[in-house]
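Everything below concerns the one structure shown next.
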Amino acid sequence: MPKLDLTKVPVKTGSIYPAPYAEMMAGRSSLRLGDAGGLTQFGVNLVILQPGALSSLRHWHQNEDEFVMVIEGECVLVEDAGETVMRLGDCAAFPAGNPNGHHFINRSAAVAKFLVAGTKAPQEVATYSDVDLRVEIGGGKARFTYKDGSDWEGPR
């Protein structure tokens, strides 16, 4: 595969989260680099956080490993154990099945960017630590539920 031309990789904005959580992702965008390169066994995304933006709701994956490396700016990793400032070259790893909810926040005045690499499990469940929400992914579809598995109908 030749060098990827980042100017030709579509920028993904918005979120698949249901309301009201989707609106919380304003200022977050990403480039699906793995998809652009034709990768099928793992994903690689370049996540761009504007000042004040969140990477996601705090979450953990049942079946997928995640690896993150900051490549520009500064952001704060928020996880169960607390907060850690992440700067250029800093890395974090989140093994599948470890219920350590995590996300990143850009609390600086400049853009922050990080690479995320993760497995593409055929079936996945992600649980959101701070809200009563989880997502089941399979067959190219996402189904949001409450943590007890019942259908999502909005915040309780």
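Every read-out reported here was derived from the displayed coordinates using simple, explicitly stated rules and does not represent laboratory data. Fair warning: this is a prediction, and the values are worked out from it, not measured in the lab. All Cβ positions, even for glycine, are placed from backbone atoms using ideal geometry, and neighbour counts span all protein chains on display.
Check whether at least one residue in segment 126-135 is of a type in the set (D, E, K, R), free of Cβ contacts under 8 Å to residues at least 40 places away in the same chain and either on the phi > 0 side of the Ramachandran plot or in contact with a Gly (Cβ under 9 Å, 6 or more places away or on another chain) (or both), and report yes or no. Lay out the reasoning, then the answer.
The initial filter retains those residues of segment 126-135 that are of a type in the set (D, E, K, R), namely 130, 132, 134.
Imposing the further condition that a residue be free of Cβ contacts under 8 Å to residues at least 40 places away in the same chain reduces the set to 132, 134.
Subset that is either on the phi > 0 side of the Ramachandran plot or in contact with a Gly (Cβ under 9 Å, 6 or more places away or on another chain) (or both): 134.
For segment 126-135, residues of a type in the set (D, E, K, R), free of Cβ contacts under 8 Å to residues at least 40 places away in the same chain and either on the phi > 0 side of the Ramachandran plot or in contact with a Gly (Cβ under 9 Å, 6 or more places away or on another chain) (or both): present.
Residues of segment 1-18 being exposed (fewer than 10 other Cβ atoms within 10 Å of the Cβ) and part of a loop (DSSP other than H, G, I, E, B), which ones?
Answer for segment 1-18, where residues must be exposed (fewer than 10 other Cβ atoms within 10 Å of the Cβ) and part of a loop (DSSP other than H, G, I, E, B): M1, P2, K3, D5.
Could you count how many residues in segment 129-145 are assigned to a loop (DSSP other than H, G, I, E, B), of a type in the set (A, V, I, L, M, F, W, C) and either touching a strand residue (DSSP E or B) at 6+ places or on another chain (Cβ under 8 Å) or surrounded by fewer than 12 Cβ atoms within 10 Å (Cβ to Cβ) (or both)? Walk me through how you get there before you give the answer.
First, the residues of segment 129-145 that are assigned to a loop (DSSP other than H, G, I, E, B): 129-132, 139-140.
Applying the additional criterion that residues be of a type in the set (A, V, I, L, M, F, W, C) yields 131.
Checking which are either touching a strand residue (DSSP E or B) at 6+ places or on another chain (Cβ under 8 Å) or surrounded by fewer than 12 Cβ atoms within 10 Å (Cβ to Cβ) (or both) leaves us with none.
Final tally of qualifying residues: 0.
How many residues are closer than 13 Å to V116 by Cα and surrounded by fewer than 15 Cβ atoms within 10 Å (Cβ to Cβ) when one looks only at segment 41-68?
Of the residues in segment 41-68, 1 are closer than 13 Å to V116 by Cα and surrounded by fewer than 15 Cβ atoms within 10 Å (Cβ to Cβ).
So in segment 22-38, with the set limited to residues that are hydrophobic (A, V, I, L, M, F, W, C) and within 21 Å of R107 (Cβ to Cβ), which one is nearest to the chain's Cα centre (by Cα)?
Within segment 22-38, the subset hydrophobic (A, V, I, L, M, F, W, C) is 22, 24-26, 31, 33, 36.
So of that shortlist, the ones also within 21 Å of R107 (Cβ to Cβ) come out as 24-26.
On the way: M24: 13, M25: 10, A26: 14 Å.
Step by step, filter segment 22-38, then rank; the result is M25.
Would you pick out the residues in segment 110-156 that are farther than 29 Å from C91 by Cα, of a type in the set (S, T, N, Q) and out of contact with any Asp or Glu (no Cβ under 7 Å at 6 or more places or on another chain)?
Residue satisfying the conditions is S150 alone.
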